[in-house]
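First up is the structure itself, then whatever we jot down about it.
Taken together, the values in this text are just the output of simple stated rules run on the coordinates, not laboratory data. Bear in mind that the values here come from a model prediction, so they are computed numbers and not experimental data. FYI the Cβ positions are ideal-geometry reconstructions off the backbone, even for glycines, and counts take in every protein chain you see.
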Amino acid sequence: MRSFAGRDILSLKDFERNEFFHLFEIADRLEPIARSRRSSDLLAGKILVTAFYQPSTRTRLAHETAMHRLGGQVNGFADAKVTRAGDFYQESIKDTVHMLEFYGDVIVMRHFLQGAPHEAAKWSSIPVINGGDGWGEHPTQILTDLYTVTKEMGSVDGKTFLAIGDHRMRTMHSLGYALSQFDAEMVILSPEAMSPRPEHLAELDAKGTRYRIVEHVDEAIADADVIYMEPVVQPDYTHSRDEKPSEYPTTPANYKVTQEVMKRAKSTSIVLHSLPRMDELTTDVDGLKHARYWEEAYNGVVMRMALLSSVLGAWE
Ligand code: CP
């Protein structure tokens with residue numbers, strides 16, 4: 001297995017099966033620290049730099065909490081407008097990263113431009129973690145989600161994932177790449193305008209991800225082990241931010257999961273949602289035994305503890 005020490009986490013395209021299991025094992029080891037709300041000194045003396053050019057609740061705060069729980073420190077920005085990258089100067093990624101690399105030991109970057117964290121990694125002497133890049137990928141979210149499936153269901157292998165939402169979306173891309181390393185099926189459900197791009201499907205074919213496309217949640221809900229959700233009503237992820245519109249469109253029934261829809265699901269199935277949600281996942285699902293999105297959000301901290309400690313070489 002390749003070493004994680006010093007490694008950039010930019011994509012799940014090249015992740016190998018044993019690397020998923022390695023991170024799951026580290027996450028299991030660190031989980032009691034998060035559960036008991038303790039801190040450790042595993043990353044004492046290390047600094048995480050958060051460079052967020054797009055809004056975030058979970059990704060930024062889960063990385064920050066992970067760093068604090070492991071005894072490290074955090075600096076950074078949650079809005080590029082407070083930096084020279086977001087004002088008159090529009091400072092380049094290259095120039096910005098040449099500062100950030102001396103302000104900390106690892107960078108987590110979210111950006112509205114696909115490939116921005118990859119560009120940052122080219123110029124950075126410290127590891128760069130992709131916290132979501134435009135429509136590109138969201139690797140740490142999917143690592144969190146597959147860890148959640150492993151914890152809740154024993155294994156990712158043998159599972160059918162019904163992936164509902166915008167399949168041009170970064171999370172869906174990382175899911176498709178990751179599932180190529182497991183004996184799992186991805187059932188794709190999205191409005192036509194949000195279908196996976198042909199180039200992406202060609203990549204999944206090349207990687208050997210098993211997938212099929214359906215048009216209505218009722219076609220696939222009974223076979224699904226993991227109901228994996230993303231909004232279809234959402235902002236344009238290629239912008240730095242979208243403000244609240246005067247009126248939101250509503251999600252068509254084909255792409256909605258409600259308590260009524262869940263009556264047709266397997267009793268053992270679980271519902272994941274990377275959040276935030278719109279109306280595609282109704283709150284009446286929250287009280288069902290299937291709902292696992294709060295556990296997923298908690299595991300977001302645990303997986304980021306595993307990732308940060310690994311790229312910072314704490315296990316070497
Ligand atoms: N799941 C996720 O990426 O959430 P945030 O946009 O709040 O980080």
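Here are the numbers:
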read-out	value
Cβ-based exposure ranking for Met262, Met194, Met109, in which fewest neighbours within 10 Å come first	Met194, Met262, Met109
Table column - 3J(HN,Hα) (Hz), the range 106-114, Karplus curve with 6.51, -1.76, 1.60, x for Gly and Pro	7, 10, 10, 10, 10, 8, 7, 9, 4
Table column - 3J(HN,Hα) (Hz), the range 149-156, Karplus curve with 6.51, -1.76, 1.60, x for Gly and Pro	4, 4, 5, 7, 10, x, 6, 7
Contour minus Cα-Cα distance for Ser240 and Ser36 (0.36 nm per residue)	69.8 nm
Cα long-axis angle, helix 198-207 against the chain (0 to 90 degrees, to the nearest 10)	80 degrees
Stretch gain in nm, segment Ala206-Leu288, where the contour uses 0.36 nm per residue and the Cα spacing is subtracted	25.8 nm
Computed FRET value (nearest 0.05) for Met278 with Arg29, which takes r as the C-beta separation and R₀ as 35 Å	0.45
In sequence order, calculated HN-Hα J values of the range 62-72 (Karplus, 6.51, -1.76, 1.60; Hz; x Gly/Pro)	5, 5, 5, 4, 4, 5, 5, 4, 9, x, x
Reachable lysines from Lys81, criterion Cα separation under 19 angstrom, eight or more residues apart if same chain	Lys94, Lys244
For the range 139-296, with +1 on Lys and Arg beta carbons and -1 on Asp and Glu, the positive-most of Met172, Thr209, Val149 along the dipole	Val149
Charge dipole of the range 188-295 about the Cα centre (unit charges at C-beta), most positive-ward option of Ala291, Ala253, Ser274	Ala291
Under 18 Å from Lys263, Cα to Cα: aspartates and glutamates that are on another chain or at least 8 residues apart	Asp218, Glu219, Asp223, Asp225, Glu280, Asp284, Asp286
Per-residue Cβ neighbour rank within 10 angstrom, fewest leading, Asp279, Asp157	Asp157, Asp279
